[in-house]
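First up is the structure itself, then whatever we jot down about it.
The values are calculated or read from the model by the stated rules, or taken from the named source; none is laboratory data. Model, not experiment: these values are computed from the prediction. Cβ placement follows ideal geometry from the backbone for every residue including glycine, while neighbour counts extend to all protein chains displayed. Heads up: the accessible areas ignore ligands, DNA and RNA and are worked out on the full protein's heavy atoms, side chains in. Shrake-Rupley method; radii C 1.70, N 1.55, O 1.52, S 1.80 Å.
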Amino acid sequence: MSTAVILMNLGTPAEPTAAAVRKFLRDFLSDPRVVEIPRPLWLAILHALVLPLRPRRIAPAYAEIWGRSADGEPVEGSPLLYYTRRQAELLQEHLAGRRADITVTHAVTYGAPGLESVVERMRREGFESFIVFPLYPQYSATTTAAIYDQVAQIFRRSRDIPDISVIRDYHRHPLYIRALANSVREHRAKRGAAEKLLLSFHGIPRANINKGDPYYRQCCETAEHLAAELGLEKDRWQISFQSRFGKAEWLQPYTDRVLVEWGRGGVASVDVICPAFSADCLETLEEISVENRANFLRAGGKEYHYIPALNLRRDHIEALGAVIEERLPR
């Protein structure tokens with residue numbers, strides 16, 4: 001029986017315009033998995049304040065990253081969608097000689113191509129077995145659980161449900177940790193080691209952790225495994241959390257505040273890596289590579305380097321392939 005593997009990432013606006021960003025944010029921020037405050041209150045805030053104002057503010061940032069990668073090389077359109085599509089293509093090539101019964105494609109949680117349309121297409125092509133692979137190394141209800149919800153919704157009224165599974169996380173898989181470590185080693189071989197390595201993960205509200213979300217624990221485990229793989233002393237690295245939204249407390253320490261404190265405290269050089277991101281996107285190419293670089297340098301820092309996401313690295317593709325193969329029947 002042939003198996004379709006569907007790589008999934010968050011999604012992206014269709015183009016870097018306020019109208020397209022508004023549509024994307026409406027879909028994204030309307031998901032109760034993403035924002036858990038009471039629905040009537042949140043929907044009122046979303047439609048009265050967020051959607052009228054935020055798209056105009058962040059559309060220029062999307063325009064800045066549109067069509068480029070972390071190293072300045074051109075890519076097609078949205079970096080996130082480009083990398084997700086290419087990861088699927090490279091995984092197909094990687095697995096082809098090992099498992100002829102595997103076909104790899106891609107989808108996004110919000111935007112296009114959506115999971116339902118991809119599943120319908122693959123079923124028309126005769127696939128009866130599916131592995132949905134969220135490209136979030138660390139599980140959170142705000143990301144991976146939203147994909148579980150979509151899988152359940154797609155088949156809620158189906159009588160003939162295919163064999164389908166979701167890969168929950170791979171936050172400490174040895175090949176994923178090794179790929180992260182290799183990216184740091186290669187960066188250091190070219191530029192030397194900075195005084196500090198900051199491991200910046202995407203943040204979520206602290207309340208989510210209090211309710212049982214395992215994301216914080218898994219981020220810490222990833223960080224500790226990476227530091228051990230690199231042989232880093234405890235005073236050479238730190239974990240932090242970025243991309244907070246709204247006034248509620250999010251996971252701390254906050255990335256922007258850590259970098260300002262380091263700059264003011266005499267740290268001259270810093271390398272930043274974002275282990276929660278399988279592909280570069282707005283949060284890495286703009287928030288980390290541009291905004292937080294400026295924060296650190298303004299605070300007195302001298303040298304700042306962002307180490308790109310794993311993207312299309314060969315060892316990354318091999319790691320993803322290993323996660324998939326471990327899920328397949330022998």
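Answer yes or no: is there a residue in the range 82-105 that is open to solvent by 50 Å² or more (accessible area, probe 1.4 Å), over 17 Å from V5 (Cα atoms) and out of contact with any Pro (no Cβ under 8 Å at 6 or more places or on another chain). No, the range 82-105 has no match at all. Only one of the numbered conditions (1) in contact (Cβ under 8 Å) with a residue 60 or more places away in the chain; (2) part of a loop (DSSP other than H, G, I, E, B) is violated by V35, and that is (1).
Matching residues to (1) in contact with a strand residue (DSSP E or B) (Cβ under 6 Å, 6 or more places away or on another chain); (2) surrounded by fewer than 18 Cβ atoms within 10 Å (Cβ to Cβ); (3) more than 30 Å from S183 (Cβ to Cβ):
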residue: S2; (1), (2), (3): no, yes, yes
residue: G11; (1), (2), (3): yes, no, no
residue: P32; (1), (2), (3): no, yes, yes
residue: L43; (1), (2), (3): no, yes, yes
residue: E73; (1), (2), (3): no, yes, no
residue: S78; (1), (2), (3): no, no, no
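Pairing residues of the range 275-298 that are at negative phi and open to solvent by 10 Å² or more (accessible area, probe 1.4 Å) with residues that are charged (D, E, K, R) and in a helix (DSSP H, G or I), at Cβ distances under 8 Å and at least 6 apart in sequence or on separate chains, gives F277/E283; E286/E64; V290/E64; E291/D256; N295/D256.
Restricting the range 203-234 to residues that are assigned to a loop (DSSP other than H, G, I, E, B) and more than 21 Å from W250 (Cα to Cα), the residue that is most open to solvent (accessible area, probe 1.4 Å) is E233.
Residues of the range 167-194 that are open to solvent by 40 Å² or more (accessible area, probe 1.4 Å) and small (G, A, S): A189, A193.
One line per residue, one yes/no per condition, for (1) hydrophobic (A, V, I, L, M, F, W, C); (2) over 16 Å from P13 (Cβ atoms); (3) under 15 Å from the mean Cα position of the chain (by Cα); (4) at pLDDT 90 or above:
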{"site": "W66", "(1), (2), (3), (4)": "yes, no, no, yes"}
{"site": "P79", "(1), (2), (3), (4)": "no, no, yes, yes"}
{"site": "Y83", "(1), (2), (3), (4)": "no, no, yes, yes"}
{"site": "L91", "(1), (2), (3), (4)": "yes, yes, no, yes"}
{"site": "L95", "(1), (2), (3), (4)": "yes, yes, no, yes"}
{"site": "D101", "(1), (2), (3), (4)": "no, yes, no, no"}
{"site": "T105", "(1), (2), (3), (4)": "no, yes, no, yes"}
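Under 8 Å between Cβ atoms, which residue pairs at least 6 apart in sequence (or on different chains) link something in the range 242-258 that is under 12 Å from S200 (Cβ atoms) with a partner that is in a helix (DSSP H, G or I) and open to solvent by 80 Å² or more (accessible area, probe 1.4 Å)? Qualifying pairs under 8 Å: D256/E291. Taking each residue of the range 71-96 that is hydroxyl-bearing (S, T, Y) and looking for partners that are open to solvent by 60 Å² or more (accessible area, probe 1.4 Å) with beta-carbon atoms closer than 8 Å, six or more apart or interchain, yields S78/W66; Y82/E76.
Out of curiosity, is I164 closer than 16 Å to E326 by Cα, β-branched (V, I, T) and either in contact with a Lys or Arg (Cβ under 7 Å, 6 or more places away or on another chain) or open to solvent by 60 Å² or more (accessible area, probe 1.4 Å) (or both)? Even if it seems obvious, please write down each step before you answer.
On the way: closer than 16 Å to E326 by Cα: yes; β-branched (V, I, T): yes; either in contact with a Lys or Arg (Cβ under 7 Å, 6 or more places away or on another chain) or open to solvent by 60 Å² or more (accessible area, probe 1.4 Å) (or both): no.
Answer is no for this residue.
Restricting attention to the range 235-267, the residues that are among the small types (G, A, S) and either closer than 30 Å to D315 by Cβ or outside any loop (DSSP other than H, G, I, E, B) (or both) add up to 3.
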